[in-house]
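J.: Before anything else, here's the structure in question.
The values are calculated or read from the model by the stated rules, or taken from the named source; none is laboratory data. Predicted, not measured: the structure shown is a model, and the values here were computed from it. Glycine also receives a Cβ, built like all others from the backbone with ideal geometry; neighbour counts cover every protein chain displayed. Accessible surface is based on the protein model in full, side chains and every heavy atom, while ligands, DNA and RNA are left aside. Shrake-Rupley method; radii C 1.70, N 1.55, O 1.52, S 1.80 Å.
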Amino acid sequence: MTTPVSAAVAAIVPPSSAAPAGEDAKGPSKSALKKEAKRLEAEARKAAKANVTGAAPVAGAVSGKPKTKIVKEVVVEEEYVSPKHGEKKDLSGPQAAAFNPAHVEDSWYAWWESQNLYDPYYTPVPTAARPTPAHLIKDPKTGLYPENPKGTFVVPAPPPNVTGSLHIGHALTIAIQDSLVRYNRMKGLNVLFNPGYDHAGISTQSVVEKRLYKDQGLTRHDLGRDVFLKSVWAWKDEYQKKISDQLRRLGASYDWNRTAFTMDDKCSKAVAETFCKLHEDGIIYRANRLVNWCVALNTTLSNLELDQKEIKVRTLINVPGYGDERIEFGAITSFAYPLEGSDEKIIVATTRPETMLGDTAIAVHPDDARYTHLHGKFAVHPFNGRRIPIITDSEAVKMEFGTGAVKMTPAHSFEDYEVGKRHNLEFISILNDDGTLNANAGVDFVGMKRLSARKVVVDKLKELGLYIETKDNEMSIPICAKSGDIIEPVMKPQWWVNCKPLAAEVIRRTKAGELKITPQVSENDWYRWLETIQDWCISRQLWWGHRCPAYFVRIEGEVQDNSDGAYWVVGRSLEEATTRAEELAKGRKYTLEQDEDVLDTWFSSGLWPFAIMGWPEQTADLKNFYPSALLETGWDILFFWVARMAMLGVYLTGQMPFKEVFCHAMIRDAHGRKMSKSLGNVIDPIDVIEGITLEKLHAKLLEGNLDEKEIKKAAAGQTADYPHGISACGTDALRFTLCNYTSTGRDINLAITTVEAYRKFCNKMWNATKFAMMKFPENFVPAPTAEPSGKETLVERWILSELNTASILIAQQLEDRNLMGATETAYNFWLKKFCDVFIEAIKPITDETSPEAGRVSAQNTLYTVLDEALKLIHPFMPYVTEELWQRLPRRPEDNTISISRAAYPEPNEKYADVKAEEDFELVITCIRQARAVAKSYGLLKNLKFYISSSSPSKLSTLSTESSTISALVKGTESISIVSPSEIPAGCGFESVDAEVGVHLLLLGEVDAETEIAKLEKKIQLMKISEDKIKKSQESKDYEKKIPEKLETYKAELESFAATQQTFIELQKLKKQ
């Protein structure tokens, strides 16, 4: 097949032409053809651009040949064709002109999976030079592998909820975790990155219920438990697949063969075992206590699942389930209770007037003289005549607050509950599960919504003349984080975990050094929460989740209270529960009723690190991969999840479930706002990877459960933030950005423009590799090892030393979890050292006309540095590095099939070269100053430099590197390395150090009169500014009002004056 380039080359060589010198009769040499092909590719690209704009094709001639008019064939890249799923991409063709993330990222993940590269026991094909390591040879008798001397690195991936697609916060988690995973894998450790999914009881049930009602107008109760659960399982399967696809797109190097789900058989067995063991040990108990009740979701919630809404003054708020009726909060209402047998009244105040329907006491301070005569007396409930005792309590009552009298509703207030326990008060529940008032509230209120009753109660108090006043009251309202509903404290018989002894052991072990928590602020939070931990309610009134393995033994003919734990048995199976029920019944007839509730999602999630390894069975995985090395997560679930894993892990396995916890920041939008669907600022990572139009962003809002008002608000937010949509940035750029944002802070303000900038960086890497491939001769085979030959030039020694420094620094930064530092180090090495300096510097050395020995050395150094640099940055950018690395030739005996299984760069003493760094730093400074002096005089071409030095050694170094300086200073015509006495007159000057200076010949290159006039204007303007600052200095608050310093202006004035003087001297020379 004739390629466009070869056809073009053939077209310009007339068959009858005599071969020029250096070519035989058969035609141009291979090197000449290759060089000509490259030139034609560049011209073809220009021609292609011209064709797009309607310009005519450009005709040309080959230098040194007859001027033959030719028609160039435009080089058009072949259309990208994706390989079959799981097959390796064919990279034998030419590298594309520019980086295209969609093409680059395509198919690599499927190939990685097909090769089973991320199995912790992956074994490469052995060779004589590289036999199979001992730790990868399984013992045929035990089925176990020997210990890897380099260690094991296990990360149990935080399981995403199957509620919906992943958002950018998940992408952050994956970027951090996978970067550390890939780094440790390349370091030679046995690495297990275990994927999985969380059933997310409340969230998943809620979203399925909403969709069911939206699509069919049905509730779960219309379907029944079994049919509804089938719908949830179908949802789970659909969204688990979607999430899996997203995880693959994000490059997460999981061992998919170990995928777990919190409700799979293995995890469910662990849940049943845990519940039963903790109950048998007295850690789990049943009690009728106050819980946080969400009416909208109809379930109990823990304190950690609540948000607190701060209200400063009286405010009307929309509450779920109340339609257009707005409820007032931020107010405190005072009213009077009449005293029994007296005309006297006692005044109390409340922020929830409706709760007075369940009042069972009024408390006063025992030392409050105002109420001494009322001790032991009774007030009378004005609506139902109930006698309400007046009690004394020094803990609950502050004499100076309000009237000093406090109403008590122990069945609907956490504070009052404790008082009720101390004084053995009556607990009257007035709420149904659906938030309506029950019969205990009185006939006038039965069936009324609890918050609607608020106004009715106040109106009735007014009718009875008992209302006093309502005024502003700053307060905090507990809100359900899932539904937005107002939380109600209610009495419920539930299962509880006694956390204090578990937390105490975790604290002890953490302080003993068994667990490292970073950053420091998260460790401080860790201790503060564990030291003040409360008992954990694990019952949830849901259908989706692990049903409690607890059974009520209903004995025939006996009156029993199901809140009493004495009539309950637990069982890992129905058979075990039945056996225990028979022992409890002692021959009496009974029925066994399983608890309808399910367990809190965090209960099963708390077993994650060891449940996925097969616990409670003593499996090989448990032995080899537990405890985990690292648990990486957001600081916001440090208590939801991490602390509970630690408590349960220590109690059940005797070990901390992980050795280290690394907490990342929360992602906010570019304005610092929390990500919210209603704001329209929630970012789907796939949209950043693939790009998306504004119209499609708007369309995605319709796929969720937002109402029309929320959709309009979200669409407006999207229009403001992404007026032109989001451009395709690719996975690598997104991952690199997210890692670069990762520091010890608690918030990340993500700007898409930053991701776009790193996409351009990917293109820089792409072009650098393409340049290298052009510099390698056909069939190039790198040196057998990466060790230096000892014949390297200064720039080669310098780049190897810089590579060594970067390798050491990045490895240390990754060990320290300083991903911001690691990405910056990698970026700076690639961009500022490798691309901007080394590649430009070796162009003359690697030219085909340069001496062979130097050229071969430079080619090998270029290969070594490029190979190692790709490995350095691979953990952050897996796709582009794999693609580019696969294009590189391999060293002899190197059968590594993927960069992800290549060895991470290690420190190399032979690369370290302080002298080379110092000498080349001199060269770089000369380059920098040469650019500066040219810029200061506005010169862009025909630059004639004279670099002077009084140091013989520096003169020698600069003489050797003059071609490097010339290559790196655009527009250079000549560079002369001279002694100070040899500098010609009429030069501009920039100092390098005390012994070296850079001089630019100006005589004949600039119009001195014009430049003097320009500088005169600048100096005049500067002097005006200087005078203003001098006057401002006289004011008292000068430092606050004037940030600019006079010294800055003085320095600039001196610089302008010196330049002006140079032109004056130049003008004099010109006249001579």
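J.: Which of (1) open to solvent by 70 Å² or more (accessible area, probe 1.4 Å); (2) closer than 30 Å to Ala757 by Cβ is the odd one out, the single condition Pro131 does not satisfy?
T.: Answer for Pro131: the failing condition is (2).
J.: Regarding Ile347, is this residue out of contact with any Gly (no Cβ under 7 Å at 6 or more places or on another chain), of a type in the set (Val, Ile, Thr) and surrounded by fewer than 19 Cβ atoms within 10 Å (Cβ to Cβ)? Reasoning before the result, please.
T.: Details: out of contact with any Gly (no Cβ under 7 Å at 6 or more places or on another chain): yes; of a type in the set (Val, Ile, Thr): yes; surrounded by fewer than 19 Cβ atoms within 10 Å (Cβ to Cβ): yes.
Yes: the conditions hold for Ile347.
J.: Something else: Report every pair of residues separated by at least 6 positions or lying on different chains whose Cβ atoms are under 6 Å apart, first residue within the range 482-499 and among the hydroxyl-bearing types (Ser, Thr, Tyr), second in a loop (DSSP other than H, G, I, E, B) and open to solvent by 30 Å² or more (accessible area, probe 1.4 Å).
T.: Sorted first by the residue in the range 482-499, then by its partner, the pairs are Ser483/Ala296; Ser483/Pro320.
J.: Hey, can you tell me all the residues within the range 539-568 that are among the aliphatic types (A, V, I, L, M) and within 13 Å of Ala272 (Cα to Cα)? Let's see the steps before the verdict.
T.: Quick first cut of the range 539-568, residues among the aliphatic types (A, V, I, L, M) only: 542, 550, 553, 555, 559, 566.
Listed by number, the list holds a single entry, Ala550.
J.: If I filter the range 947-961 for residues that are in contact (Cβ under 8 Å) with a residue 24 or more places away in the chain, among the basic types (Lys, Arg), crowded, with 19+ Cβ neighbours inside 10 Å and more than 22 Å from Ala916 (Cα to Cα), do I get at least one hit? Show your work before the answer.
T.: Step one: of the range 947-961, the residues in contact (Cβ under 8 Å) with a residue 24 or more places away in the chain are 947-951, 954-955, 957-958, 960-961.
Among the residues that remain, those that are also among the basic types (Lys, Arg) are: 954.
Now narrow it down to the ones that are crowded, with 19+ Cβ neighbours inside 10 Å: 954.
If we keep only those that are more than 22 Å from Ala916 (Cα to Cα) too, we end up with none.
No, the range 947-961 has no match at all.
J.: Out of everything in the range 897-932 that is among the polar types (S, T, N, Q) and under 17 Å from Tyr109 (Cα atoms), what residue ends up being nearest to the chain's Cα centre (by Cα)?
T.: We begin by selecting, within the range 897-932, every residue among the polar types (S, T, N, Q); these are 898, 900, 908, 925, 929.
Subsequent filtering for residues that are under 17 Å from Tyr109 (Cα atoms) retains 898, 900.
Working: Ser898: 26, Ser900: 21 Å.
This residue is Ser900.
J.: Every residue in the range 851-864 that is within 23 Å of Ser801 (Cβ to Cβ) and either open to solvent by 20 Å² or more (accessible area, probe 1.4 Å) or not hydrophobic (A, V, I, L, M, F, W, C) (or both), please.
T.: Narrowing the range 851-864 to residues within 23 Å of Ser801 (Cβ to Cβ): 853-864.
Listed by number, the residues that qualify are Ala853, Gly854, Arg855, Val856, Ser857, Gln859, Asn860, Thr861, Tyr863, Thr864.
J.: Need pairs with beta-carbon distance below 7 Å; first residue in contact (Cβ under 8 Å) with a residue 24 or more places away in the chain and more than 30 Å from Ser179 (Cα to Cα) and within the range 904-931, second part of a helix (DSSP H, G or I) and open to solvent by 30 Å² or more (accessible area, probe 1.4 Å); sequence gap 6+ or separate chains.
T.: From the range 904-931, the pairs are Ala916/Arg797; Leu922/Lys954.
J.: Looking at the range 173-187, which of the residues that are polar (S, T, N, Q) and under 17 Å from the mean Cα position of the chain (by Cα) is surrounded by the fewest Cβ atoms within 10 Å (Cβ to Cβ)? Write out each step before concluding.
T.: Going through the range 173-187, the residues polar (S, T, N, Q) turn out to be 173, 177, 179, 184.
With the extra rule that they be under 17 Å from the mean Cα position of the chain (by Cα), the set shrinks to 173, 177, 179.
Details: Thr173: 22, Gln177: 24, Ser179: 25.
Restricting to residues being polar (S, T, N, Q) and under 17 Å from the mean Cα position of the chain (by Cα), the top hit is Thr173.
J.: I've got another one for you. Test Ile346 against the stated conditions and say whether it is out of contact with any Asp or Glu (no Cβ under 6 Å at 6 or more places or on another chain) and modelled with pLDDT of 95 or more.
T.: Values: out of contact with any Asp or Glu (no Cβ under 6 Å at 6 or more places or on another chain): yes; modelled with pLDDT of 95 or more: yes.
Yes; evaluated as a whole, the condition is true for this residue.
J.: Name the single residue that is surrounded by the most Cβ atoms within 10 Å (Cβ to Cβ) among those in the range 991-1009 being within 27 Å of Glu796 (Cβ to Cβ) and in contact with a helix residue (DSSP H, G or I) (Cβ under 7 Å, 6 or more places away or on another chain).
T.: So the residue we want is Val998.
J.: Inside the range 865-902, can you point out the residues that are among the hydroxyl-bearing types (Ser, Thr, Tyr) and either farther than 27 Å from Ala733 by Cα or open to solvent by less than 10 Å² (accessible area, probe 1.4 Å) (or both)?
T.: First, pick out the residues of the range 865-902 that are among the hydroxyl-bearing types (Ser, Thr, Tyr): 879, 881, 896, 898, 900.
The answer is Tyr879, Thr881, Ser898, Ser900.
J.: Would you check if Asp198 is at pLDDT 95 or above and either under 18 Å from Thr601 (Cβ atoms) or charged (D, E, K, R) (or both)?
T.: Values: at pLDDT 95 or above: yes; either under 18 Å from Thr601 (Cβ atoms) or charged (D, E, K, R) (or both): yes.
So Asp198 fits the description; yes.
J.: May I ask you to say which residue of Ala102, Ala157 is of a type in the set (Gly, Ala, Ser) and surrounded by fewer than 17 Cβ atoms within 10 Å (Cβ to Cβ)? Steps first, please.
T.: Values: Ala157 fails: surrounded by fewer than 17 Cβ atoms within 10 Å (Cβ to Cβ).
Ala102 is the lone residue from the list that is of a type in the set (Gly, Ala, Ser) and surrounded by fewer than 17 Cβ atoms within 10 Å (Cβ to Cβ).
J.: If you don't mind, there's one more thing I want to ask. What about Asp459, is it acidic (Asp, Glu), touching a strand residue (DSSP E or B) at 6+ places or on another chain (Cβ under 9 Å) and either open to solvent by 10 Å² or more (accessible area, probe 1.4 Å) or within 25 Å of Ala349 (Cβ to Cβ) (or both)? Show your work before the answer.
T.: Numbers: acidic (Asp, Glu): yes; touching a strand residue (DSSP E or B) at 6+ places or on another chain (Cβ under 9 Å): yes; either open to solvent by 10 Å² or more (accessible area, probe 1.4 Å) or within 25 Å of Ala349 (Cβ to Cβ) (or both): yes.
Spelling it out, Asp459 is indeed acidic (Asp, Glu), touching a strand residue (DSSP E or B) at 6+ places or on another chain (Cβ under 9 Å) and either open to solvent by 10 Å² or more (accessible area, probe 1.4 Å) or within 25 Å of Ala349 (Cβ to Cβ) (or both).
J.: Within the range 136-147, does at least one residue satisfy the condition of being open to solvent by 10 Å² or more (accessible area, probe 1.4 Å), touching a helix residue (DSSP H, G or I) at 6+ places or on another chain (Cβ under 7 Å), over 18 Å from Ser628 (Cα atoms) and not in a loop (DSSP other than H, G, I, E, B)?
T.: Within the range 136-147 (the criterion being open to solvent by 10 Å² or more (accessible area, probe 1.4 Å), touching a helix residue (DSSP H, G or I) at 6+ places or on another chain (Cβ under 7 Å), over 18 Å from Ser628 (Cα atoms) and not in a loop (DSSP other than H, G, I, E, B)), the answer is no, since none of the residues qualifies.
J.: Name the single residue that is nearest to the chain's Cα centre (by Cα) among those in the range 267-310 being of a type in the set (Val, Ile, Thr) and open to solvent by 10 Å² or more (accessible area, probe 1.4 Å).
T.: Going through the range 267-310, the residues of a type in the set (Val, Ile, Thr) turn out to be 271, 274, 283-284, 291, 295, 299-300.
Restricting the remaining residues to those that are open to solvent by 10 Å² or more (accessible area, probe 1.4 Å) gives 283, 295.
On the way: Ile283: 36, Val295: 34 Å.
Residue satisfying both the conditions and the ranking: Val295.
J.: Please find, within the range 116-128, the residue that is nearest to Asp255 (Cα to Cα) out of those that are out of contact with any helix residue (DSSP H, G or I) (no Cβ under 9 Å at 6 or more places or on another chain) and surrounded by 11 or more Cβ atoms within 10 Å (Cβ to Cβ).
T.: First pass over the range 116-128, keeping only residues out of contact with any helix residue (DSSP H, G or I) (no Cβ under 9 Å at 6 or more places or on another chain): 125-128.
Of the ones still in play, those that are also surrounded by 11 or more Cβ atoms within 10 Å (Cβ to Cβ) are 126-127.
On the way: Pro126: 22, Thr127: 25 Å.
By that ranking, first place goes to Pro126.
For every residue, the table says whether it meets (1) among the small types (Gly, Ala, Ser); (2) in contact (Cβ under 8 Å) with a residue 12 or more places away in the chain.
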site: Tyr551; (1), (2): no, yes
site: Arg554; (1), (2): no, yes
site: Val559; (1), (2): no, no
site: Ala581; (1), (2): yes, yes
site: Ala585; (1), (2): yes, yes
site: Phe603; (1), (2): no, yes
site: Asn624; (1), (2): no, yes
site: Ser628; (1), (2): yes, yes
site: Glu632; (1), (2): no, yes
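To keep it simple, each residue is scored yes or no on (1) touching a residue at least 12 places away in the same chain (Cβ under 8 Å); (2) of a type outside the set (Gly, Ala, Ser); (3) more than 21 Å from Lys832 (Cα to Cα).
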site	(1), (2), (3)
Asn763	yes, yes, no
Asn779	no, yes, yes
Pro782	yes, yes, yes
Ala786	yes, no, yes
Thr793	yes, yes, no
Arg797	yes, yes, no
Leu800	yes, yes, no
Asn804	yes, yes, no
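J.: Which ones in the range 311-334 are of a type in the set (S, T, N, Q) and open to solvent by 70 Å² or more (accessible area, probe 1.4 Å)?
T.: Taking the range 311-334 and keeping what is of a type in the set (S, T, N, Q), we get 315, 318, 333-334.
Once the filter is applied, which keeps residues that are of a type in the set (S, T, N, Q) and open to solvent by 70 Å² or more (accessible area, probe 1.4 Å), the range 311-334 yields only Asn318.
J.: Are there helices (runs of 4 or more DSSP H) fully within the range 840-945 with at least 1 residues that are under 30 Å from Cys987 (Cα atoms)? List them.
T.: Numbers: elements: 843-846, 852-873, 878-887, 914-936.
Hits in the range 840-945: 843-846, 914-936.
J.: Moving on to the next point. Give Val81, Val104, Val125 a once-over and let me know the one that is modelled with pLDDT under 90 and within 28 Å of Met774 (Cα to Cα). Break it down into steps so the answer makes sense when it comes.
T.: Working: Val104 fails: modelled with pLDDT under 90; Val125 fails: within 28 Å of Met774 (Cα to Cα).
After applying the criteria, what remains is Val81.
J.: Quick one: count up the residues across the range 746-777 that are assigned to a loop (DSSP other than H, G, I, E, B), modelled with pLDDT under 90 and open to solvent by less than 30 Å² (accessible area, probe 1.4 Å). Steps first, answer last, please.
T.: Initially, the range 746-777 is screened for residues assigned to a loop (DSSP other than H, G, I, E, B), giving 746, 750-751, 776-777.
Checking which are modelled with pLDDT under 90 leaves us with 746, 750-751.
From what's left, open to solvent by less than 30 Å² (accessible area, probe 1.4 Å): 750-751.
Total meeting the criteria: 2.
J.: Just name the residue that is farthest from the chain's Cα centre (by Cα) out of those in the range 351-390 that are part of a helix (DSSP H, G or I) and charged (D, E, K, R). Let's see the steps before the verdict.
T.: The initial filter retains those residues of the range 351-390 that are part of a helix (DSSP H, G or I), namely 353-358, 369-374.
Okay, now just the ones that are also charged (D, E, K, R), so 354, 370.
Values: Glu354: 45, Arg370: 60 Å.
Step by step, filter the range 351-390, then rank; the result is Arg370.
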